[in-house]
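Structure record follows, encoded as structure tokens.
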Amino acid sequence: MNSPTDPALLTIPPYEAARLDALRRLELLDTPPSEAFDRITRMAAQLFNLPIAAVSLTDSDRQWFKSKYGISHDTIPRQLAPCAMVAATSGLLVVPDLLEDVHFRDSGLAADGIRFYAGAPLTTSEGHCLGAMCVLGLEPRQVTDDEGQALKDLATMVMAQIELQHALGRIDPVSGLANRNQFIVDFNDMELAEPAGDMRLAALVSLASPQELSDAQRVMGGGYLDEMVRDVVPQLRLAGSGKIYHVGSTQFAFFAPRGVRLETFRTQMQSWLDARASHGHARFITTVTVGIAPYTIGQTEGLDLLRNMHSAAHDGLAAERCVRVFSSEHDAILQRRFWLVNAFGAALESRNQLHLVYQPKIGLRDGACASVEALLRWSHPEEGAISPGEFIPVIEGTSLARATTEWVLAAAMRQMAAWRHDGVTLQVAVNVSAVNLEEPDFCDRVLKLLVRHGLPASNLAIELTESALMRNPKMAQATLERLARAGVQLAIDDFGTGYSSLSYLQSLPANVVKIDQSFMRNLACDERRRALVGTMIKLSHDLGHKVVAEGVETVEVEDFLRAAGCDEVQGYLHARPLAPNALAEWLAARAR
Ligand code: C2E
Ligand code: MG
Ligand code: MG
């Protein structure tokens, strides 16, 4: 036990610089309260049956409480604090009565009515004393040997907790920074300690795009990324004032100071990026982006916050050296897309979520229906009907595009075979995605399916949008020429909405041009639009194509189209897309 003999001990412990460095490296100062420490502090107060206990860390000029019980302030001046003496001597200190003690008689503690103090040193495995695990009372008191030992044990438990937090699973071995796990732990502690409903900000710095990372790894190996990380850590300390977390291989996150405004924070981050660029850190040329995400205490989950920051930083890739703020609308779209892809994958495997409906095309000269368009319908067990206008564009960007077209082709051909069996000959048009044309075996698969169902190739038409055709014109051309030679019909869908070159369209083996339904709206009262549609019909005829108008809903539009020489119409005026049974009835009714 120490008795305070040398007043110098009150201020400067030996090896103070190394001690402070050890304390700072642990990144404990000014971190939020943590239940892991509070538990030990409560236990200390109970064990001694005293009103006050604390885990008190000795910083250069203050005692800062990592955990406290029975006191309201977070910090007291280091000078004249008994804990500072524990740090200086690395030994158990007991002051039975502060008023009787020559050094502490005049300390702030005594003025606050505190009479008793006992503190055990918090010593690291390297021998640095960080501060004290202390208990305080309002009456003078003695400490038994057993109590002294118990206090030392509690101090050891605190140190075990500190070292545990700093060890495996919490610290990134490359950067030495707290990792993603620690980010979540600290975030959860903050949620418990701070006022619910407070809006805060956090930022994620991403050092490179996924493509750059993959390239760097292939060319230079993983060591290169480690070097990049070590290189950036000192610079990151300039970007954020608080603790920095290493949350992904080349991603770092930190919480913005409390109360900072979004615009201020965004400007700060942008200045950091600009400064970094102008200092010419040319060793690593990658796209550095910053994603900022707001969060609300008590409402946001730590993992969601990380994901939001990630998503914002990823959006930042669109422009170099960019700071992006997370937008929940954008996130909702991404979430929905993600859900659609997963749910549609399941739908393809299910037996009853997908089916085809068929919309008739009617000849304007004879009023006959010789062909229909197959349209996909998805009925989700919980969500109900989901429109192809929503899910098709999402699916087309994924590997499901192949399986989807495969499913539609197979279902359409089964139906065509059934109709043929019943003596009904209908050409069926199937919508095909751009990516399908890039599948090397697409043509073979289509032709094989026709053979399997005993169908002539001319029974099948394929509809492709202008933009699909323009995606990879050479590939599209080759595939389509093979299909056309086999006798499969080709229609250019949604004509007039894309930017296709006329000379390219002319070179395609297309039989049909389908004028997009957007041109049919307001046709009756829009002279210029009528002129446009008239020109499209004439042009298509000149190129040798048959013309179908989509989305025809009124007699006036149909009359105009007939006069303009259009060959066929498709639209609600005649029929909505129909299930096979309903189509059979519709055809029978027309025949009558
Ligand atoms: P699309 O190929 O241009 O199909 C025509 C769309 O117009 C269909 O919408 C049809 O229901 C709708 N429609 C028909 N007549 C009228 C009308 O008079 N007024 C209005 N307002 N709309 C009419 P749907 O079925 O919602 O399909 C939307 C798009 O989704 C299709 O446009 C097509 O691009 C795509 N799609 C549908 N099924 C498939 C499929 O099996 N595979 C692929 N790749 N795409 C498909
Ligand atoms: Mg179509
Ligand atoms: Mg269309």
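If the condition is being of a type in the set (Val, Ile, Thr), in a helix (DSSP H, G or I) and more than 25 Å from Leu583 (Cα to Cα), then the stretch 360-398 contributes Val394, Ile395. For the stretch 200-212, does any single residue satisfy the condition of being among the charged types (D, E, K, R), closer than 20 Å to Pro257 by Cβ and not in a helix (DSSP H, G or I)? Checked against the condition, which is being among the charged types (D, E, K, R), closer than 20 Å to Pro257 by Cβ and not in a helix (DSSP H, G or I), the stretch 200-212 yields at least one hit. The residue list Gln477, Gln517 contains one member that is in contact (Cβ under 8 Å) with a residue 24 or more places away in the chain, within 16 Å of ligand 3 (Cβ to nearest atom) and not hydroxyl-bearing (Ser, Thr, Tyr), which is Gln517. Scanning the stretch 524-556 for residues that are out of contact with any Gly (no Cβ under 8 Å at 6 or more places or on another chain) and within 16 Å of ligand 3 (Cβ to nearest atom), we see that the one that is nearest to Lys361 (Cα to Cα) is Val548.
Residues checked against (1) within 16 Å of ligand 1 (Cβ to nearest atom); (2) of a type outside the set (S, T, N, Q); (3) under 20 Å from Glu373 (Cβ atoms):
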{"position": "Tyr504", "(1), (2), (3)": "no, yes, no"}
{"position": "Val512", "(1), (2), (3)": "yes, yes, yes"}
{"position": "Ile515", "(1), (2), (3)": "yes, yes, yes"}
{"position": "Cys525", "(1), (2), (3)": "no, yes, no"}
{"position": "Gly534", "(1), (2), (3)": "no, yes, no"}
{"position": "Ile537", "(1), (2), (3)": "no, yes, yes"}
{"position": "Lys546", "(1), (2), (3)": "no, yes, yes"}
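Specify which of the listed residues (Glu349, Glu382, Glu406) is more than 26 Å from the chain's Cα centre (by Cα) and more than 25 Å from Val488 (Cβ to Cβ). Among Glu349, Glu382, Glu406, only Glu349 is more than 26 Å from the chain's Cα centre (by Cα) and more than 25 Å from Val488 (Cβ to Cβ). The residue of the stretch 564-574 that is farthest from ligand 1 (Cβ to nearest atom), among those that are within 13 Å of Ile537 (Cβ to Cβ) and in contact with a Gly (Cβ under 9 Å, 6 or more places away or on another chain), is Gly565.
For the stretch 146-163, does any single residue satisfy the condition of being over 41 Å from the mean Cα position of the chain (by Cα), surrounded by 14 or more Cβ atoms within 10 Å (Cβ to Cβ) and part of a loop (DSSP other than H, G, I, E, B)? No, the conditions are met nowhere in the stretch 146-163.
The set of residues in the stretch 202-218 that are surrounded by fewer than 16 Cβ atoms within 10 Å (Cβ to Cβ) and either farther than 14 Å from Met228 by Cβ or small (Gly, Ala, Ser) (or both) comprises Pro210, Gln211, Ser214, Arg218. Residues that are of a type in the set (S, T, N, Q) and out of contact with any Lys or Arg (no Cβ under 6 Å at 6 or more places or on another chain) within the stretch 64-90 comprise Ser67, Ser72, Gln79, Thr89, Ser90, listed in sequence order.
Results for (1) more than 23 Å from Met269 (Cα to Cα); (2) touching a strand residue (DSSP E or B) at 6+ places or on another chain (Cβ under 7 Å); (3) without any contact (Cβ under 8 Å) to a residue 12 or more places away in the chain; (4) of a type outside the set (Val, Ile, Thr), shown as yes or no for each residue.
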residue: Val174; (1), (2), (3), (4): yes, no, no, no
residue: Leu177; (1), (2), (3), (4): no, yes, no, yes
residue: Phe183; (1), (2), (3), (4): no, yes, no, yes
residue: Leu192; (1), (2), (3), (4): yes, no, no, yes
residue: Ser209; (1), (2), (3), (4): no, no, no, yes
residue: Asp215; (1), (2), (3), (4): yes, no, yes, yes
residue: Tyr224; (1), (2), (3), (4): yes, no, yes, yes
residue: Val232; (1), (2), (3), (4): no, no, no, no
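Residue count for the stretch 399-441, restricted to those that are closer than 28 Å to Trp586 by Cβ, within 16 Å of ligand 3 (Cβ to nearest atom) and part of a loop (DSSP other than H, G, I, E, B): 1. Among residues of the stretch 344-363 being in contact with a strand residue (DSSP E or B) (Cβ under 6 Å, 6 or more places away or on another chain) and of a type in the set (A, V, I, L, M), the one that is nearest to Leu587 (Cα to Cα) is Ile362.
No value in this document is a laboratory result; all are computed from the given coordinates. These numbers were taken from a predicted model, which means no experiment stands behind them. Note: ideal-geometry Cβ built from the backbone for every residue, glycine included; neighbour counts use all protein chains shown.
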